[in-house]
1. Please verify whether the stretch 85-105 includes one or more residues that are in contact with an Asp or Glu (Cβ under 9 Å, 6 or more places away or on another chain), open to solvent by 40 Å² or more (accessible area, probe 1.4 Å) and at negative phi.
2. Just a yes or no: is a residue in the stretch 8-26 modelled with pLDDT of 65 or more and surrounded by 10 or more Cβ atoms within 10 Å (Cβ to Cβ)?
3. Among the listed residues Ile131, Ile175, identify the single one that is of a type in the set (Val, Ile, Thr) and more than 19 Å from Tyr223 (Cα to Cα).
4. Can you tell me which residues in the stretch 211-256 are more than 22 Å from the chain's Cα centre (by Cα), open to solvent by less than 50 Å² (accessible area, probe 1.4 Å) and over 21 Å from Pro167 (Cβ atoms)?
5. Only residues that are more than 14 Å from Ser235 (Cα to Cα) and surrounded by 15 or more Cβ atoms within 10 Å (Cβ to Cβ): list them for the stretch 149-167, please.
6. What's the total number of residues in the stretch 164-183 that are out of contact with any Ser or Thr (no Cβ under 6 Å at 6 or more places or on another chain) and of a type outside the set (A, V, I, L, M, F, W, C)?
7. Quick one: would you say Ser109 is loosely packed, with under 11 Cβ neighbours inside 10 Å and under 30 Å from Ile216 (Cα atoms)?
Amino acid sequence: MTAVIDESARSSGRWAAPPRPVWEEPPSRAGLAGKALVLGLACLGILFPLWIVVVTSLSSRRTIDEAGGLVMIPKDITFVAYQELLSGGQVTRAAVISVVVTAVGTLFSMAVSVLCAYGLSRSGSLGHRWILMLLLATMFFSAGLIPTYLLVQSLGLTDSYLALVLPSAVSVFNILVLRGFFMNISQELIDSARIDGAGDIRILWQIVMPLSRAVIAVITLFYAVGYWSAWFNASLYLNDQDMLPLQNVMIQLVQKQEAPVGLGQAIKTGQLSGLAVQMAVMVMALLPVAVLSPFVQKHFKKGMLTGAVKG
């Protein structure tokens, strides 16, 4: 009876939709203007420091001295700082080391994470629940810095590039995201491939991974940024200055602990500003992340949200 009354009221035009919550209503012009203002201020707060860093790295010593430090308005643009940094020596070697460590570490971490996540996503795999609980426990409990250092030292990894990869090779959070995404793949598709004679490796390589490009791209970026930005392991396990990656050399330059011989001489003679060198090293450290992020940005929503739905 109630349904008939509601239908007659709707057909006669006297029916009104139930009120919606305030946050579901379309924003007013004042609300849109307020959102634009807040977002604009947030973007300005992020981009303005980057602008200062880039402009200062491209400024001459005279411009930096006239500004009394950091430069906001470009004047007398010069690439001397970058030329000195890329002309060879410790900075160039450190950049090459960072690129190699990032590439090798990311490939190794992705291989281990994908294999582990695929095994944990198959409900019939041997001991997958116990292994999952063990991995989850490591997210809340850890041995600490001293046992980790003693373990790395006992394995003979000090003064070795493996010390930059193995201690931080696997992230349980990334494995859980991959596992959640793999569990959303149709089980019927995997079963049909298994009926056709495909093994787990072939199913993973030819079915699961092509369907998981979004989440794999996101996790790859996470690992790559982590390796590129890492500095603590190098400062802890590497004693040879010639083996330091770019981030550690950047810390030395910013803190003015030690400058490469060529740069130090150029700074002492007044040919080059030490502040410009520091800003140039910061730009070099930020550039790969800034270049790669836009290409992976489109996968973030699908990769992270879909991977977090299940599991």
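The values are calculated or read from the model by the stated rules, or taken from the named source; none is laboratory data. Since this is a predicted model, take the numbers as computed values, not measurements. Note that each Cβ is placed from the backbone with ideal geometry, even for glycine, and that neighbours are counted across all protein chains shown. Ligands, DNA and RNA are stripped out before the accessible areas are found, and what is left, the full protein with its side chains, is counted by its heavy atoms. Shrake-Rupley method; radii C 1.70, N 1.55, O 1.52, S 1.80 Å.
1. The answer is yes, given that some residue of the stretch 85-105 is in contact with an Asp or Glu (Cβ under 9 Å, 6 or more places away or on another chain), open to solvent by 40 Å² or more (accessible area, probe 1.4 Å) and at negative phi.
2. yes
3. Checking each option against the conditions leaves just Ile131.
4. Those that are more than 22 Å from the chain's Cα centre (by Cα), open to solvent by less than 50 Å² (accessible area, probe 1.4 Å) and over 21 Å from Pro167 (Cβ atoms): Gln252, Leu253.
5. Matches in the stretch 149-167: Leu166 only.
6. Total satisfying the criteria: 4.
7. no
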